[in-house]
Structure formats: C-alpha cells, structure tokens
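Computed from the coordinates by the stated procedures, all read-outs in this text should not be read as laboratory data. No experiment lies behind these values; they were computed from the predicted model shown. Glycine also receives a Cβ, built like all others from the backbone with ideal geometry; neighbour counts cover every protein chain displayed.
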Amino acid sequence: MKTTGIHHVAIICSNYERSKKFYVEVLGFSIIQETFRAERNSYKLDLRVGENSQIELFSFPNPPQRPSQPEACGLRHLAFKVNNIEQAVIDLKSHNLDVENIRIDEITGKKFTFFKDPDNLPLEIYEL
C-alpha cells in the first residue's frame, strides 16, 4: 500500500458549539460542511486545515472522557504547521488560552509549543 498523505483526523467533542467556535474562530479553520444526523442526535463538522487536510469534528450525547494524558497508547497530540510561531502564540493568548513556552526540537532545530482544545486535547503548533 502506498499512501499520499493524511486526509482527515476525527475528534469527538463534549460541547459542539464551544468546540466549533474554538476550531473555526480561534484556530481559523474553514467549514467545508456541517451535518446534523438526527438518528444519532449528533453533528459532524468537516473543517479545512491548510490546503489538503481536514478535521472531522463530531458530537455525540454523553461521550466518555479521555482516559489519560498523552503518554497513553494511541493518539498523542495533533500538530499544526505555522509560519511564525511567535505570532501564533500571541493570537492564541489573545483568546485567553494557556500556551506553553516555545521550545526548540532537539532533532530538527525547529520551534514548537503546546496548548489544549476545549476538551483538553493536546494540540501543537510547529514552525516550518
């Protein structure tokens, strides 16, 4: 099998309107399509991330909490590319988000930092 990239990442949120506002207004992702599925009492929001990637934001009634922090098996965090990490941090902090100090990746020499979404999902910004 040969893959050509990542199509999407799926996220289940606990509060659809709060998470929609975060991903659209704070992170600036554009809405591709929003669908309400009555049989599931659930929303599916397709968001454009950059030119070729998407996030599928799902809501479900009473989803279980994330069992542990990023060191558990499974998805550790999502990382987004930015051109200017200092400006990205200023933008995030303007929305009253806690952002860790900028660090340098010891392998690549690139700048990165972490913050969290409304459900405590760890998110990274990585300067290219």
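So if we plug the beta-carbon distance of Asp119 and Thr4 into 1/(1 + (r/R0)^6) with R0 = 25 Å, what FRET efficiency do we get, rounded to 0.05? Present the calculation step by step, with values, prior to reporting the outcome.
Values: r = 30 Å, r/R0 = 1.20.
It comes out at approximately 0.25.
Across the chain, where is the longest run that never hits trypsin sites (Lys or Arg not before Pro) in a DSSP loop with at most 16 other C-beta atoms within 10 Å? Intermediate values should be presented prior to the final figure.
Details: sites that count: Lys2, Arg76, Lys110.
In short, 3-75.
Per residue of the chain, what 222 nm ellipticity follows from adding -39500 (n - 2.57) for every DSSP H run with n ≥ 4, rounded to the nearest 500? Can you show the working numbers first?
Details: 2 runs with 15 residues, N = 128.
Value at 222 nm, helices only: -3000 deg cm²/dmol.
Determine ³J(HN,Hα), in whole Hz, for all residues of the range 39-46 in sequence, where each value follows from phi through the Karplus function 6.51 cos²θ - 1.76 cosθ + 1.60 and θ = phi - 60°; x replaces Gly and Pro.
For the range 39-46, the Karplus-derived couplings read 5, 10, 6, 9, 9, 10, 10, 8 Hz, x marking Gly and Pro.
Computed on alpha carbon atoms, what radius of gyration and Dmax characterise the range 1-62, expressed in Å?
12.4, 38
Going down the table (Lys2/Lys44; Lys21/Lys116; Lys21/Lys110), which pairs top 20 Å between alpha carbons? Mind showing how you got there, number by number?
On the way: Lys2/Lys44 28 Å; Lys21/Lys116 14 Å; Lys21/Lys110 29 Å.
Distance filter (> 20 Å) returns Lys2/Lys44; Lys21/Lys110.
Counting only DSSP beta bridges with both residues in the chain, what percent are antiparallel, rounded to the nearest 5? Intermediate results must be reported in sequence, preceding the final value.
Numbers: 20 of 31 bridges.
Beta bridges within the chain, antiparallel portion: roughly 65 percent.
Hey, got the dipole for the chain? About the Cα centre, +1 on K and R Cβ, -1 on D and E Cβ, debye to the nearest 20? Intermediate values should be presented prior to the final figure.
Working: 16 positive and 18 negative charges, 54 e Å.
Dipole magnitude for the chain comes out near 260 debye.
Using every alpha carbon pair in the chain, what percent of pairs falls into each 10 Å bin from 0 up to the bin containing the largest distance?
11, 40, 37, 11, 1
How high is the relative contact order of the range 10-128, given as a whole-number percent (alpha carbon pairs under 8 Å, six or more residues apart)? Walk me through the numbers on the way to the answer.
On the way: 188 pairs, mean separation 26.5, N = 119.
Computed over the range 10-128, the figure is 22 percent.
What FRET efficiency, computed as 1/(1 + (r/R0)^6) with R0 = 22 Å and r the Cβ-Cβ distance, is obtained for Ser14 and Arg48, rounded to the nearest 0.05? Kindly include the intermediate steps, with their values, before the conclusion.
On the way: r = 23 Å, r/R0 = 1.05.
Computed FRET efficiency for Ser14 and Arg48: 0.45.
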